[in-house]
Structures are given as structure tokens and as C-alpha cells.
Amino acid sequence: MRLGYTVLPIAMGIDKFFNAMVSWPQYLAGWINDIAPGTAQQFMYFVGAVEILAGLIVLLKPRYGAYVVAAWLAGIVINLFSTGNWWDVGVRDFGLMLGALALGRLAAYYDAPLFSRSRP
């Protein structure tokens, strides 16, 4: 799970800069495009950078990164559902969000926290 939630956000984030797999701006809800500064493609550059960062956080510290990815996926689901067009992709991303939450719960047990309280 950790590998998947590291590689996939990084790969999708990189593709936001090149649109090799798909033209990403088409997935942006109109209301988000209206409030975001710049063009839809410029917003996708921001989205790509956040996805790359989220994947790196999962790589380094899945205890925290999994929840960053889950929150990001929740935002994607809201965006997709609000377009009224991408229900299938939104449901898939909702499932991925549940998987990220499961990774977070597992990592809470297996991945040590950044700071632990030590008793004197």
C-alpha cells in the first residue's frame, strides 16, 4: 500500500505538467476554475506539485502522508462529483481515499511518530 500511495500520486502529479495520459483541465469543476487564479492548466500545475509532495510524504512518513493523500483525494472526489460528469472516476477516487485511510491506520501502528514522549 505504501508503494502504491507513493508512486501513483507522484506519477499523476508529474503528468499534470505534461498531459500525456489525459488533458487534466477537463476534470476541473467550473466553480473551482472560477475561484482559482489563472487558467485551468495553471491550476493543474499546482495540483501536480501538491500530488508529488503528498507522494513524497507517504514515502518518508506514511503515518502522516496517508492522511494527506486521503484529504487530497476527498477534495478530488468533491471536485469530480460537483462537475456532474465524472461520477465513475469520483467513486474510484473515493475507494482510493478509503485505502489511504487504511494505510494511515496501519502506519499508526507500524511507523514510529516523528516525536515521541520520553519519560524522565
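The values are calculated or read from the model by the stated rules, or taken from the named source; none is laboratory data. Computed from a predicted structure; not experimentally measured. Here the Cβ positions follow ideal geometry from the backbone for every residue, glycine too, while neighbour counts run over all protein chains shown.
In this structure, is Gly38 surrounded by fewer than 13 Cβ atoms within 10 Å (Cβ to Cβ) and modelled with pLDDT under 95? Show your work before the answer.
Values: surrounded by fewer than 13 Cβ atoms within 10 Å (Cβ to Cβ): yes; modelled with pLDDT under 95: no.
Answer is no for this residue.
Within the stretch 15-59, can you find the residues that are more than 16 Å from Ala71 (Cα to Cα), assigned to a helix (DSSP H, G or I) and among the small types (Gly, Ala, Ser)?
Gly30, Ala40
Determine, yes or no, whether Leu96 is in contact with a Phe, Trp or Tyr (Cβ under 7 Å, 6 or more places away or on another chain) and either over 20 Å from Val47 (Cα atoms) or assigned to a helix (DSSP H, G or I) (or both). Working first, answer last.
Working: in contact with a Phe, Trp or Tyr (Cβ under 7 Å, 6 or more places away or on another chain): no; either over 20 Å from Val47 (Cα atoms) or assigned to a helix (DSSP H, G or I) (or both): yes.
The answer is no for Leu96.
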